[in-house]
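Remarks on the structure that follows.
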Amino acid sequence: MSSIYSEIILDYYRNPRNKGKLDRAQIRAKDTNPLCGDVIEIQMELDGDSKVKDIRFNGMGCAISQASASMLTELVKGKSLDEARKISKEDILSLIGGQLSAVRLKCALLSLKVMKTGLYNYIGSLENAKEELSSL
Amino acid sequence: MQKTVQYNVEKVRQDFPILQRIINGKPFIYLDNAATAQKPRQVIETLDRFYKEYNANIHRGIYKVSEEATAAHEEARAKVARFINARSPNEIVFVRGTTEAINLVAHAWGRKNVGLGDNIMLTEMEHHSNIVPWQLLAKEKGASLKYVGITDQGILERYEFQQHLQSGAKLFAVAHSSNVLGTINPVRELIREAHKTGCCVLVDAAQSVPHMPVDVQDLDCDFLAFSGHKMCGPTGIGVLYAKGNLFDEMVPFHGGGEMISEVHPYESSWKPPPYKFEAGTTNIEGAIGLGAAIDYLSNIGLRKIRLHEREITAYAIDKLSRTKGITIYGPSDPQARGGVVSFNLGDVHPHDMATLLDEDGIAVRSGQHCAQPLHERLGIPATTRASFYLYNTEDEVDRLANSLERVRGIFKL
């Protein structure tokens, strides 16, 4: 059986990209996966055109949750908020590659959920996004 | 170590249909027995026979089939009583599981006997089910929780136990065997010490009764709780034992049918125990299934099961400790531990470990195993746990060890 744990996933786990904190972030959000104990915090700094000038994540947990958070930050950087909002579950899964069980899917999508929570909170539509966020 | 054959493990394995499964192209290796045990044909067939032949509500039907169901249910209670050497079946209350048993004691005994400023003594290795009910009680009554700490090897700090006793603990609630460390606590001695100061003792036997002979008269515990599903029985059935007339002095937990003697518009009277604590239609087939599980385990012999598990645990600790980068938690002496081996390997998160082992058909548990305070004490976010039962083999341990080498390869450890 082929493993989800590709060289790429392990490289992102051991050498995380965009890990740390931002001093001037307008968007901040944090969440945990209570089942696994994964923790992800995401901070985003916007430029004058409301594009993501910089993004950092912080957290701890399994390789899937940490690698996917790292990959997400690369994907989001430079995008407009509208583009970032449209990033889907499928986009993340194709970056990770391979099949995940329902339980591990939560690990893979935690960072996307956190990023979107922060984003929707910033644009003031967190209430309307509850359904989308709970599907992640 | 010289391997002594306790019983024919291969023959025992034939009794468990699920062990024949192929998972991800490999023979299924079930090492999550501390979470729940697999069910032998004998238990499955007992449930099947109940539904097909004598399903009826108990204690109230006048007809033959109901009488048969009632007799089987009460025979199961008698089997439980004999199994743990209770003096009488009246000391046995059927509950949903260990969690409900502990909640029952917290409500029906705790609310009457624990008051403002009283102390309830727990240990750092307790399962959440033996922490949270006491937190709720302590909050309601203004009582305090006192924890007995553990050494780095996972052994109780005896002087802390003595200190809490001297400061006047009302109740000591303690795991007989830890579901993470495997530590078997010397409950018999602890109970003796506690009783000297008038402290009542509840033993959480969820991890001991399925795996070793437990004699409540020898232990002299006041309460003892365990679950059916961890000992080859069905889920949703468990046992609360209370010594002597303790049940008489307790208030009801749930009100409803079957637990009453008389009901009037504004007041009711209760049946004597154990029925006082079994409101409504209970898990009849669960109790009967538990009786079948007790028969099954007793036929093999709990002493033999314990010896088998001790040998396989010693083998596993020896074998797994050769894996480079592994940390195994709990006492190093197999005499002092049950069939539970929790570990971490390098920087591999336990959830990644469990996923990778599943790819090899091996079922383990990963996370905090409902023991968050213990993991905080150990300073680790999570562990991977392999837990054994009567049907596990050394060959399965070898395959776990091989699988760990594969994980080391993938993670380049």
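The values are calculated or read from the model by the stated rules, or taken from the named source; none is laboratory data. This structure is a prediction, so every number in the text was calculated from the model and none was measured. All Cβ positions, glycine included, derive from the backbone under ideal geometry; neighbour counts span all protein chains shown. SASA here: full protein model, heavy atoms, side chains in, ligands and nucleic acids out. Shrake-Rupley method; radii C 1.70, N 1.55, O 1.52, S 1.80 Å.
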| task | Those residues that are among the hydrophobic types (A, V, I, L, M, F, W, C), part of a helix (DSSP H, G or I) and under 27 Å from the mean Cα position of the chain (by Cα), I need them from the stretch B:19-70; list them, please. | result | B:19, B:43, B:44, B:47, B:50, B:69
| field | Residue in the stretch B:372-403 that is nearest to residue B:302 (Cα to Cα), counting only those that are within 14 Å of chain A (Cβ to nearest Cβ) and open to solvent by less than 10 Å² (accessible area, probe 1.4 Å) | value | B:384
| Single residue of A:130, A:89 found to be more than 13 Å from the chain's Cα centre (by Cα), over 16 Å from residue A:44 (Cβ atoms) and either open to solvent by 50 Å² or more (accessible area, probe 1.4 Å) or without any contact (Cβ under 8 Å) to a residue 60 or more places away in the chain (or both) | A:130
| For the stretch A:42-100, which fully contained helices (runs of 4 or more DSSP H) count at least 1 residues that are within 14 Å of another protein chain (Cβ to nearest Cβ)? | A:63-76, A:89-96
| message | Anything in the stretch B:130-154 that is part of a helix (DSSP H, G or I) and surrounded by fewer than 21 Cβ atoms within 10 Å (Cβ to Cβ)? List them, or say none. | response | B:132, B:135, B:136, B:138, B:139, B:140, B:141
| message | Please count how many residues of the stretch B:243-274 are open to solvent by 70 Å² or more (accessible area, probe 1.4 Å), modelled with pLDDT of 95 or more and of a type in the set (A, V, I, L, M). | response | 0
| said: Condition first: at the interface with chain B (Cβ under 10 Å from one of its Cβ atoms) and open to solvent by less than 60 Å² (accessible area, probe 1.4 Å). Now tell me which residues in the stretch A:12-23 satisfy that. | reply: A:13
| task | Scan the stretch B:329-348 for residues that are open to solvent by 20 Å² or more (accessible area, probe 1.4 Å) and facing chain A (nearest Cβ under 9 Å) and report the count. | result | 1
| query | Just for the stretch B:354-371: of the residues that are within 11 Å of chain A (Cβ to nearest Cβ) and modelled with pLDDT under 90, which one is most open to solvent (accessible area, probe 1.4 Å)? | reply | B:368
| remark: If we ask which residues in the stretch B:108-123 are over 24 Å from residue B:93 (Cβ atoms) and either crowded, with 21+ Cβ neighbours inside 10 Å or among the hydroxyl-bearing types (Ser, Thr, Tyr) (or both), their number turns out to be 1
| query | Considering the stretch B:213-222 alone, what residues qualify as being open to solvent by less than 20 Å² (accessible area, probe 1.4 Å) and touching a Leu at 6+ places or on another chain (Cβ under 9 Å)? | reply | B:214, B:216, B:221, B:222
